[in-house]
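Scroll down for the structure; my scribbles are underneath it.
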Amino acid sequence: MNFAKVSARAHTNIALIKYWGKKDDALIIPQNNSLSLTLDHFYTDTSVLFDPDLTHDTFTLNNVSQDATNVSAFLNIVRQKAGIPYFAHVNSTNHVPTTAGLASSASAYAALALAASHAANLSLNKTELSRLARRGSGSACRSIFGGFVEWFAGTDDQSSYAAPVPINVDWDICMIAIVVDKRHKKISSRAGMQRVVATSPYYSAWIKQSYADLDAIKAAMNANDFATFGQIAQENALKMHALNLSAHPAFSYFEPESIVAMNLVEELQQQNIACYYTMDAGANVKVICQQQDVAKILAHLSQHFTADQLLVAKSGPAAHLLSN
Ligand code: PMV
């Protein structure tokens, strides 16, 4: 059998309706559906070459050799599907503006799923790729697609995958990432969501509310109502972070600078500028807005943050193969 080196690019995504908790930890089946926007600016390029002469998998990130344990565990799934025993060279580059702390497991595993499956001569359709990417990191299943994407929670490996949201909106949507923290996560998303599912007394309310938020955000998209859309996304993120405060032991991803960022966005809202914040498993704040308002929003945020802390992204494309 012949193996060629295959390279792929996948863009990161930011959830507007969050995934925060698993039904099945091993297969990464989430508790609720989620909805995201894939971004153009932040992406991962990964190349994979299966090599019959290798004795173990190798993995470099940004040209630096890394522990390959997680990559190997993911490649085992690919090897099993393809029926091949060979190890691989995996090289990844994260294209995230300098040390922004926005490197994401979503773009990483989506790029790895696409490159590794092709390198193993598997031909998977997009749904199959999404299922495969999910096995690396839940949010990665959404990065197989561009634009607005929904992850259907499902109940097992077959039924848990993402697909584009079939709604056209008129918005020239942007996301401004406010980089407030360059340190490592205090608690990983995996550990954080596990603790919340196990200990938050509000968890069942979150599941119920996240489906209500999902219906409402889709209705706002159908109605082309950007203000309602943004408000729902902002409140959904706050509910996710409220769960963390209600866990035992409690934890939070908020840093003082995150609160400063959120307050600045609220000031803009009081000036009737349609911008809304969201936050994930880290201290950075992302501002959902439209291109027409970006200059005004940046001017206001610049009162406190420097230009290199403010990164503007737009809607991004689906994962795709690169020519080597
Ligand atoms: O897929 P993970 O383990 O990176 O978890 C992602 C969790 C959030 O980013 C907080 C929410 C989401 O839906 O992306």
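The values are calculated or read from the model by the stated rules, or taken from the named source; none is laboratory data. Just so we're clear, the structure is a prediction, and the values are computed from it rather than from any experiment. Here the Cβ positions follow ideal geometry from the backbone for every residue, glycine too, while neighbour counts run over all protein chains shown. Side chains are part of the model used for accessible areas, which takes the heavy atoms of the whole protein and leaves out ligands, DNA and RNA. Shrake-Rupley method; radii C 1.70, N 1.55, O 1.52, S 1.80 Å.
Remark: pairs (first residue in the stretch 13-42, of a type in the set (A, V, I, L, M); second residue open to solvent by 10 Å² or more (accessible area, probe 1.4 Å) and near the ligand (Cβ under 10 Å from one of its atoms); Cβ separation under 6 Å; 6+ apart in sequence or on different chains) = 37/14. Filtered by the rule that a residue be open to solvent by less than 10 Å² (accessible area, probe 1.4 Å) and assigned to a strand (DSSP E or B), the stretch 14-41 gives 15, 16, 17, 29, 30, 34, 35, 36, 37, 38, 39. Are any of the residues in the stretch 202-217 buried (at least 17 other Cβ atoms within 10 Å of the Cβ) and more than 17 Å from residue 15 (Cα to Cα)? Taking every residue of the stretch 202-217 in turn, at least one turns out to be buried (at least 17 other Cβ atoms within 10 Å of the Cβ) and more than 17 Å from residue 15 (Cα to Cα). Out of everything in the stretch 102-152 that is surrounded by fewer than 24 Cβ atoms within 10 Å (Cβ to Cβ) and polar (S, T, N, Q), what residue ends up being farthest from the ligand (Cβ to nearest atom)? Within the stretch 102-152, the match that is farthest from the ligand (Cβ to nearest atom) is 121. Filtering 93, 58, 69 for residues that are open to solvent by 10 Å² or more (accessible area, probe 1.4 Å) and within 17 Å of the chain's Cα centre (by Cα) leaves a single hit, 93. For residue 42, are the conditions met, namely being away from the ligand (no atom under 16 Å from the Cβ) and of a type in the set (Phe, Trp, Tyr)? Criteria not met by residue 42. Of the set (1) more than 16 Å from residue 196 (Cα to Cα); (2) open to solvent by 40 Å² or more (accessible area, probe 1.4 Å), all apply to residue 239 but (1).
Looking only at the stretch 153-170, filter to residues that are open to solvent by 30 Å² or more (accessible area, probe 1.4 Å), assigned to a loop (DSSP other than H, G, I, E, B) and within 30 Å of residue 223 (Cα to Cα); which one of those is farthest from the ligand (Cβ to nearest atom)? The extreme case among them is 170.
Only one of the listed residues (322, 268, 264, 310) is under 23 Å from residue 105 (Cβ atoms) and either of a type in the set (A, V, I, L, M, F, W, C) or loosely packed, with under 13 Cβ neighbours inside 10 Å (or both). That residue is 322.
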